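Comments concern the structure below.
The values are calculated or read from the model by the stated rules, or taken from the named source; none is laboratory data. The structure displayed is predicted, hence computed values, not measured ones. We place every Cβ from the backbone using ideal geometry, glycine too, and count neighbours over all the protein chains shown.
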């Protein structure tokens, strides 16, 4: 009888186990990819279609690269890889000699560093297509990556000799002699990946190129880092008296710097340091300097983590009691950025900080004992503060749409507290690509760390 009962119960037990497996929650990286990364997502607040029809842009590129990282962790998700390949193919001509805009012309505008980082996807695509024996596509991706690297190294405008920061890349041609923290993320990682992947075969001096990459970090850190706050100002101008630098501090200390510490700018900078050091040769004489900058940045970001939520504010050095002053900013007799909006916890910066901490720990660049508690608290804070789920869809809220400094023709972008909280372009949005992409990257790193923890036990 007992044997008979066991036989009767066995299918039920097996069914329960199978049901348990089926009900295992999908990892958050996959939830966000399948909610937004393969469907509709926002790129600079403009609703775009699927990745295979999305135009070339640093935001769409960020999302595509994040989707590709998720595929690398979950290779069974072949649709992820296929979507990113489709994005690349849609925006690359037949031989890789041109990145295409929507109009079929070059998407790489003169000295616009924002046009470059989507090219980070080419390296993984190159390796995978080579593995498959698809040498034609692999060569196309190699040529496209080389085009972007060469555009930056040889054709991008730089701060001229004789000025402070000589050799630093302009953020854009429309911002002459200016370096922004954002630009370090936009240009340096793809430059570094190219040197790592193809540099040994280059006729250029590989060491010189790595020194060029390091120069960008050493320059902006020298001029923007505030040791008391342990933070970097959003931007710096080598010509602070120029009309396009109306926002810049005119006197020492911190001459040329913008007034405030913007979280996502710090996030781009932090991630750029980790992404570059992943590839930079350990024996290179400039590596120690870049690593030292990383340690300073990591310590500062950790210092300003909100102790309650575990995430970070839009303006890092303030909490929610800080508000715009209600008076606005007056430039050339006109007043802008009027309001009393409060400082707020911001999703995209919090996501990219979390990513940088977790990846830095994984690569051995950051001390695990010091920063793993920071990263773990941050990831839990991301889920609690910004993630909303309903009807099988995962959304992310409370993202700063955009922020910048000037130029002269856009005098509302003053870089003040009033601007970052009340500026006309600094609106709070949902499901914006910069938050979607950074959350996927953070989730991939978190899930990878948990897989490693399980393996180590």
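Only one of 242, 288, 238 is more than 22 Å from the chain's Cα centre (by Cα) and without any contact (Cβ under 8 Å) to a residue 24 or more places away in the chain; which? Can you show your working first?
Working: 242 fails: without any contact (Cβ under 8 Å) to a residue 24 or more places away in the chain; 238 fails: without any contact (Cβ under 8 Å) to a residue 24 or more places away in the chain.
One residue alone meets the criteria, 288.
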Self-check item: Subset of region 186-203 (residues that are surrounded by fewer than 18 Cβ atoms within 10 Å (Cβ to Cβ) and either outside the structural domain of residue 277 (by TED's automatic domain parsing) or free of Cβ contacts under 8 Å to residues at least 12 places away in the same chain (or both))
Solution: 200, 201, 202, 203
Practice problem: Using the structure shown, decide if residue 389 is within 23 Å of residue 73 (Cβ to Cβ), modelled with pLDDT of 95 or more and not in a helix (DSSP H, G or I). | Solution: yes
Self-check item: Qualifying positions in region 345-364 - more than 17 Å from residue 444 (Cβ to Cβ) and surrounded by fewer than 23 Cβ atoms within 10 Å (Cβ to Cβ)
Solution: 345, 364
Self-check item: Enumeration of residues in region 86-117 that are assigned to a helix (DSSP H, G or I) and in contact with a strand residue (DSSP E or B) (Cβ under 9 Å, 6 or more places away or on another chain)
Solution: 90, 113, 114, 115
Self-check item: Extreme residue, surrounded by the fewest Cβ atoms within 10 Å (Cβ to Cβ), among residues of region 219-235 that are without any contact (Cβ under 8 Å) to a residue 60 or more places away in the chain and closer than 10 Å to residue 257 by Cβ
Solution: 226
Quiz item: Taking region 62-85 only, how many residues are part of a helix (DSSP H, G or I) and crowded, with 16+ Cβ neighbours inside 10 Å?
Solution: 16
Quiz prompt | Residues of region 426-457 that turn out to be at pLDDT below 95, in a loop (DSSP other than H, G, I, E, B) and within 25 Å of residue 57 (Cα to Cα), as a count | solution = 2
Quiz item: Is at least one residue of region 111-125 surrounded by fewer than 24 Cβ atoms within 10 Å (Cβ to Cβ), free of Cβ contacts under 8 Å to residues at least 40 places away in the same chain and not assigned by TED's automatic domain parsing to the domain that holds residue 208?
Solution: no
Quiz item: What number goes with the only condition from (1) within 20 Å of residue 29 (Cβ to Cβ); (2) under 25 Å from the mean Cα position of the chain (by Cα); (3) surrounded by fewer than 22 Cβ atoms within 10 Å (Cβ to Cβ) that residue 379 does not pass?
Solution: (3)
Quiz item: Conditions: (1) in the same structural domain as residue 247 (by TED's automatic domain parsing); (2) buried (at least 21 other Cβ atoms within 10 Å of the Cβ). Residue 152 meets all but one. Number of the miss?
Solution: (1)
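Condition check ((1) under 17 Å from residue 264 (Cβ atoms); (2) buried (at least 16 other Cβ atoms within 10 Å of the Cβ)) across all residues:
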{"site": "276", "(1), (2)": "no, yes"}
{"site": "283", "(1), (2)": "no, no"}
{"site": "290", "(1), (2)": "no, yes"}
{"site": "297", "(1), (2)": "yes, yes"}
{"site": "308", "(1), (2)": "no, no"}
{"site": "311", "(1), (2)": "yes, yes"}
{"site": "315", "(1), (2)": "yes, yes"}
Self-check item: Hits in region 386-400 (condition: within 24 Å of residue 420 (Cβ to Cβ) and buried (at least 19 other Cβ atoms within 10 Å of the Cβ))
Solution: 386, 396, 398, 399, 400
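Residue 15 - would you say it is at pLDDT below 95, crowded, with 22+ Cβ neighbours inside 10 Å and at negative phi? Working first, answer last.
Working: at pLDDT below 95: yes; crowded, with 22+ Cβ neighbours inside 10 Å: no; at negative phi: yes.
Criteria not met by residue 15.
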